[in-house]
Amino acid sequence: MDENLLLSLIENNAKMEVVDLAAALNETEENVDKTIKDLEKNKTIYGYHTLINWDKTNHDVCTAVIQVNANLKEIMDMIVLRKKIYNFPEVDTMYLLAGNYEFLLIVKGKTMVEVAKFVNSRLAVIEGIERTATMYVLKQYKNMGRLVEDDNKDAAERLLVTP
């Protein structure tokens with residue numbers, strides 16, 4: 001079975017039924033189901049997500065992108081520091097970077113003030129962190145390869161201005 005194709009299909013539509021996956025892969029349903037379970041067990045598939053446009057709800061969400069610069073003397077310092085950071089519930093996503101910063105975080109809170117308090121009182125004070133740079137997300141246009149809203153719809157709804 002072409003596991004990469006299976007993974008691509010699931011990544012594109014996690015709700016795709018096993019029967020449809022089997023047809024697309026020209027495999028038996030049993031084989032597809034077993035392969036998915038094996039991929040989940042070995043953490044190749046480590047979760048399923050639903051993309052939500054929170055702007056269309058009454059739920060307050062503030063997302064911030066935070067770059068973290070650290071002074072790490074040993075690899076053990078890196079391991080301890082990254083565990084401290086990714087264990088915060090506010091940290092949604094964390095990446096190790098090559099460049100001017102060591103880490104990139106996606107942090108979520110209810111408001112900008114809540115995120116700022118997290119950065120100032122809990123994140124920036126961790127030993128080894130030298131500097132943080134926080135950028136607040138004002139509008140999301142695309143997430144995981146999908147447009148959040150159709151830009152053509154916005155253009156069609158604009159009023160025509162004539163002299």
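The values are calculated or read from the model by the stated rules, or taken from the named source; none is laboratory data. The structure presented is a predicted model; accordingly, all values stated were derived computationally and were not measured. Because the Cβ atoms are built from the backbone with ideal geometry, glycine has one as well, and the counts that use them run over all protein chains shown. With ligands, DNA and RNA removed, areas are computed over all heavy atoms of the protein, side chains included. Shrake-Rupley method; radii C 1.70, N 1.55, O 1.52, S 1.80 Å.
Couple of notes before you dig in:
- Among the residues examined, Leu123 qualifies as in contact with a Ser or Thr (Cβ under 8 Å, 6 or more places away or on another chain), over 30 Å from Asn12 (Cβ atoms), touching a residue at least 12 places away in the same chain (Cβ under 8 Å) and open to solvent by less than 80 Å² (accessible area, probe 1.4 Å).
- Qualifying residue in the range 145-153 (condition: open to solvent by 50 Å² or more (accessible area, probe 1.4 Å), in contact with a Phe, Trp or Tyr (Cβ under 9 Å, 6 or more places away or on another chain) and among the aliphatic types (A, V, I, L, M)): yes
- Filtering Leu96, Leu105, Leu138 for residues that are farther than 24 Å from Trp54 by Cα and either surrounded by 15 or more Cβ atoms within 10 Å (Cβ to Cβ) or at pLDDT below 95 (or both) leaves a single hit, Leu96.
- Residue list for the range 28-49, filter: open to solvent by 100 Å² or more (accessible area, probe 1.4 Å) and either touching a residue at least 12 places away in the same chain (Cβ under 8 Å) or touching a helix residue (DSSP H, G or I) at 6+ places or on another chain (Cβ under 7 Å) (or both): Tyr48, His49
- Counted as qualifying within the range 6-125 are the strands (runs of 3 or more DSSP E) with 2 or more residues that are hydroxyl-bearing (Ser, Thr, Tyr) and in contact with a strand residue (DSSP E or B) (Cβ under 7 Å, 6 or more places away or on another chain), namely 91-96.
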